[in-house]
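S.K.: After the structure tokens below, expect a handful of questions from me.
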Amino acid sequence: MSFQRDNSNNGELVYHALQLVAYAVLAILIMRLKLFLTPHMCIMASLICSKQLFWWIFNRVNFRLFIFSLLACMAIQGFTNLQNEWNIKGEFSNLPQEELLEWIQVHTKPNAVFAGAMPTMASIKLSTGRPIVNHPHYEDADLRARTKMVYSMYSRKPAQEVKRVLYKLGVEYFILETAWCTRRTKPGCSMSEIWDIEDPSNSGNQPLCILLAKESMPYFYTLFQNNVYQVLKLA
């Protein structure tokens, strides 16, 4: 009976070890999936107290002394990390976004529908409660398709075509961000260059976002603008 129980325990241990490896691979590939790795890793770390697994250590050193020493070393590094965090002082401030949110709150109806870059949409939804068509905290095929349609604003497509796409989505206001239009981390990675692969027929045109930043008429009206954001209303 003892032999069978040991085999069963070993089988469960192997299973959890393989599961931990799988979660680690997922965390490396997709950072947000650390949420699966972290709790499982903590559970597996508790096995350091298992005399059955680490008998070859505990036969040479005192069990309680070994565990206490290990926890003490971890506590030293943990306290250092806490001190580093406590030493970070400051206050988050994003004045251009605050101006945008205040304008939306005052000058748009509670049911006005917005579209734009997903991080900004999350702030609009949280701070103003306005409906949005794309959100970074939800992931499904329909959302990815809608986001791709919204991001056509940063392509080289004609303004009339993009307006028609946004109108079908029910969008009333688009938040245009110049940084999303001009930012280029490395060659081939700007939004317009990515769209050139998806939409080669318009690759020779100037990016629509640059054109609209200069003159939004006749397909959009510019209702608000600061050094970061430009609110476009569909004409």
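The values are calculated or read from the model by the stated rules, or taken from the named source; none is laboratory data. Keep in mind the model is a prediction, meaning the values are calculated, not measured. Note that each Cβ is placed from the backbone with ideal geometry, even for glycine, and that neighbours are counted across all protein chains shown. The accessibility values were calculated without ligands, DNA or RNA, using every heavy atom of the protein model including side chains. Shrake-Rupley method; radii C 1.70, N 1.55, O 1.52, S 1.80 Å.
S.K.: Quick check: with the 1.4 Å probe, what order do E161, E177 take by accessible area, largest first?
M.R.: Largest to smallest exposure gives the sequence E161, E177.
S.K.: Taking the 0 to 90 degree range and rounding to the nearest ten, how far is the long axis of helix 141-150 tilted relative to the main principal axis of the chain, both from C-alpha atoms?
M.R.: For helix 141-150, the angle is close to 40 degrees.
S.K.: On to the next question. Can you list the residues of the range 44-75 with backbone N under 18 Å from a point 7 Å past the Cα of L18, pointing along Cα to Cβ?
M.R.: 44
S.K.: Going by Cβ distance under 4.7 Å, what cysteines of the chain have no possible disulfide partner?
M.R.: Unpaired cysteines in the chain: C42, C49, C73, C189.
S.K.: Using a 1.4 Å probe over the heavy atoms of the protein chains, calculate the carbon and sulfur portion of the accessible area of the chain as a whole percent.
M.R.: Ligands and nucleic acids excluded, carbon and sulfur give 61 percent.
S.K.: In square angstrom, rounded to the nearest 10, how much accessible surface does E198 have for a 1.4 Å probe?
M.R.: 100
S.K.: Work out how much length E193 to L223 would gain on full extension: take 0.36 nm times their residue separation and subtract the Cα-Cα distance, in nm to one decimal.
M.R.: So the extension gain works out to 8.0 nm.
S.K.: Then there is this: Cα convex hull of the chain: how many Å³ per residue?
M.R.: Working: hull volume 50.5 nm³, N = 235.
It is 215 Å³ per residue.
S.K.: Given the pairs K125/K233; K89/K109; K34/K233; K34/K168, which are separated by over 29 angstrom at their Cα positions?
M.R.: K89/K109; K34/K233; K34/K168
S.K.: Further question: Nearest 10 degrees, 0 to 90: what angle lies between the long axis of helix 159-168 and the longest principal axis of the chain (Cα atoms)?
M.R.: Long axis of 159-168 versus the principal axis of the chain: about 60 degrees.
S.K.: Helix 34-45 against the longest principal axis of the chain: what's the angle in degrees, Cα atoms only, rounded to the nearest 10?
M.R.: Helix 34-45 and the main axis of the chain meet at about 10 degrees.
S.K.: Okay, next question. Order I104, I28 by their accessible area, 1.4 angstrom probe, all chains in place, largest first.
M.R.: From most exposed to least exposed: I28, I104.
S.K.: In nanometres, what is the gap between the two model label sites at K214 and S46, each 7 Å from Cα along Cα-to-Cβ?
M.R.: The answer from the label model is 6.4 nm.
S.K.: What accessible area per residue, rounded to a whole number of Å², is obtained for the chain using a probe radius of 1.4 Å?
M.R.: Here the residues of the chain average 67 Å² of exposed surface.
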